[in-house]
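Notes for the one structure printed next.
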Amino acid sequence: MMEQKCLPEVSIFKCVKCTKTYSITSGHLGCLCGGLLEVNHDWTLFSLAEKLEHYKLHPSGVWRFKPLIHPEMPDKDIVTRGEGYTRLYSASRRILEFAGCNNLQFKHEGENPTGSFKDRGMTVGISEAKRLGIHTVVCASTGNTSASLAAYASYAGINATVILPKGKIAFGKLAQALAYGANVYTVEGIFDDAMQQVIDLAVKDGSYLLNSVNPWRIEGQKTIIFELLEKLNWESPDWIVVPAGNLGNTSAFGKALNEAYKLELITEIPRLAAVQAKGANPFVKLWKGGIFTPEPNPQTLATAINIGNPVSHSKALEALRFTKGVATSVTDQLILDSKAMIDRSGIGCEPASAATLAGIKKLVEEGIILPSEKVVAILTGHLLKDPQIVVDYHQNQLENIEAKYANRVKSYNN
Ligand code: F0G
């Protein structure tokens, strides 16, 4: 009989809580102990530099980093719409004055194919679903994940089901999920209720869960950081500021920075600032108090981050520890003022993305970010995701919000 040789696995799933490992083909998306899984790659098993060089010119800004995110993905299974390669913009003088800092840039993830950063994780998640021969993918969403899932699943010829909190999704995002042909369900309650339902659904009918508990989503989102650092010639900024909801992105950023440091791509570790809305800030409370308590009734006009029970809070906490980062929360008034600033400068973004600028202003005022420090804010979604709030703001029609920078529609009468 031939001796069966077991080849070492390049990528494995590892529990961040109990360190138990699983094969990436095991079908597990969470550990039996209840902990979150992450992907670990053994980069000693191949020549990383050679492989990175090989993929350097890939038309996808995600898959050009394939050796760092999913080295074993067969090229034939990659489902891509050319995501990534998003631009870096310098803040206008007016924004610098507003924020109180001198060196601020925005990386605009709203420039991805479906208008948000979610496409970076989704191209990896859907490619993995294709590789595994999955028929149906599912997610819960505050809007952007469902838009991205719907698009990439359709493009790959896979069925998509999304569960959304009823009446709490910005119109552009709901329109996308419908248009791309997903089965769209709503539930009473908030995102966290939809999340619970979708986990139950995935367990019940075996469909493939593509929320950010799926570790492949995190691998794709790491490329925001790799692309940014590469653009900065691998010279780290002092701060990277990100809006925080379900905390997938904060976790992905921490993992990317950890790996970039260990691989000696960078010598300094930027500090992460995770910014939540005041009415939906369980992670800030965890970071300050050390105890995680879900917020049962989160309330913010930035619907993308209206989340009370973020699934990735333990990974995100580790990301802040590793980067000596901070978590902070900002009012809806400050988010919308900041959004008006970003929009007016010709860049534009959706409300949740503007939490970054709001957070920077607050952290500068508190002396945590120094005015001279180099700051990069991640704008996570496109302005047109939520047109309603823009029009309402500029007509000063939002409850409890003073539209300080309103650009009113005027009637043209002589
Ligand atoms: N910004 C935007 C525009 C988002 O859509 C989200 C999350 C976040 C920030 C927060 O990122 O969850 O990784 O901390 N949207 C998810 C969704 C929850 O369903 O679209 P996070």
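Quick one: which residue in L37, L52, L96, L32 is in contact with a strand residue (DSSP E or B) (Cβ under 9 Å, 6 or more places away or on another chain), in a helix (DSSP H, G or I), among the hydrophobic types (A, V, I, L, M, F, W, C) and modelled with pLDDT of 95 or more?
L96 is the lone residue from the list that is in contact with a strand residue (DSSP E or B) (Cβ under 9 Å, 6 or more places away or on another chain), in a helix (DSSP H, G or I), among the hydrophobic types (A, V, I, L, M, F, W, C) and modelled with pLDDT of 95 or more.
Among what's in the range 288-326 and is buried (at least 24 other Cβ atoms within 10 Å of the Cβ) and among the small types (G, A, S), pick the residue that is farthest from T356 (Cα to Cα).
Only one residue fits best here, namely S312.
With the requirement that a residue be away from the ligand (no atom under 16 Å from the Cβ), more than 24 Å from N281 (Cβ to Cβ) and part of a loop (DSSP other than H, G, I, E, B), what does the range 186-241 give you?
Residues satisfying the conditions are G206, S207, L232, N233, W234, E235, S236, P237.
How many residues are part of a helix (DSSP H, G or I) and more than 13 Å from the ligand (Cβ to nearest atom) when one looks only at the range 131-150?
Looking only at that region, the number is 2.
Listed residues A91, A99, A129; which is surrounded by 22 or more Cβ atoms within 10 Å (Cβ to Cβ), of a type in the set (A, V, I, L, M, F, W, C) and within 30 Å of Q196 (Cβ to Cβ)?
Matching residue, one of A91, A99, A129: A129.
Run down T161, T223 and say which single residue is assigned by TED's automatic domain parsing to the domain that holds G121 and either at pLDDT 95 or above or surrounded by fewer than 24 Cβ atoms within 10 Å (Cβ to Cβ) (or both).
Result: T161 is the single residue among T161, T223 that is assigned by TED's automatic domain parsing to the domain that holds G121 and either at pLDDT 95 or above or surrounded by fewer than 24 Cβ atoms within 10 Å (Cβ to Cβ) (or both).
Counting only residues that are in a helix (DSSP H, G or I) and hydrophobic (A, V, I, L, M, F, W, C), which one in the range 242-256 is nearest to the ligand (Cβ to nearest atom)?
Checking each candidate, the answer is A252.
Do you know which residues across the range 376-398 are of a type in the set (V, I, T) and more than 16 Å from A327 (Cβ to Cβ)?
Correct list: V376, T380, I389, V390, V391.
What number goes with the only condition from (1) surrounded by fewer than 17 Cβ atoms within 10 Å (Cβ to Cβ); (2) out of contact with any Ser or Thr (no Cβ under 8 Å at 6 or more places or on another chain); (3) closer than 30 Å to P113 by Cβ that K20 does not pass?
(3)
Restricting to the range 302-328, count the residues that are more than 13 Å from the ligand (Cβ to nearest atom) and either at pLDDT below 95 or polar (S, T, N, Q) (or both).
Selection size over the range 302-328: 3.
Only one residue in A354, A358, A340, A377 is outside any loop (DSSP other than H, G, I, E, B), near the ligand (Cβ under 10 Å from one of its atoms) and aliphatic (A, V, I, L, M). Which one?
A354
Looking for something of a type in the set (D, E, K, R), in the same structural domain as A260 (by TED's automatic domain parsing) and on the phi > 0 side of the Ramachandran plot - is there at least one such residue anywhere in the range 318-335?
Yes, the range 318-335 has at least one match.
Is it the case that E128 is in a helix (DSSP H, G or I), among the charged types (D, E, K, R), more than 13 Å from the ligand (Cβ to nearest atom) and free of Cβ contacts under 8 Å to residues at least 24 places away in the same chain?
no
The values are calculated or read from the model by the stated rules, or taken from the named source; none is laboratory data. Note that this is a predicted model, so its numbers are computed, not measured. With ideal geometry, Cβ positions are generated from the backbone for all residues, glycine too; neighbour counts draw on all protein chains shown.
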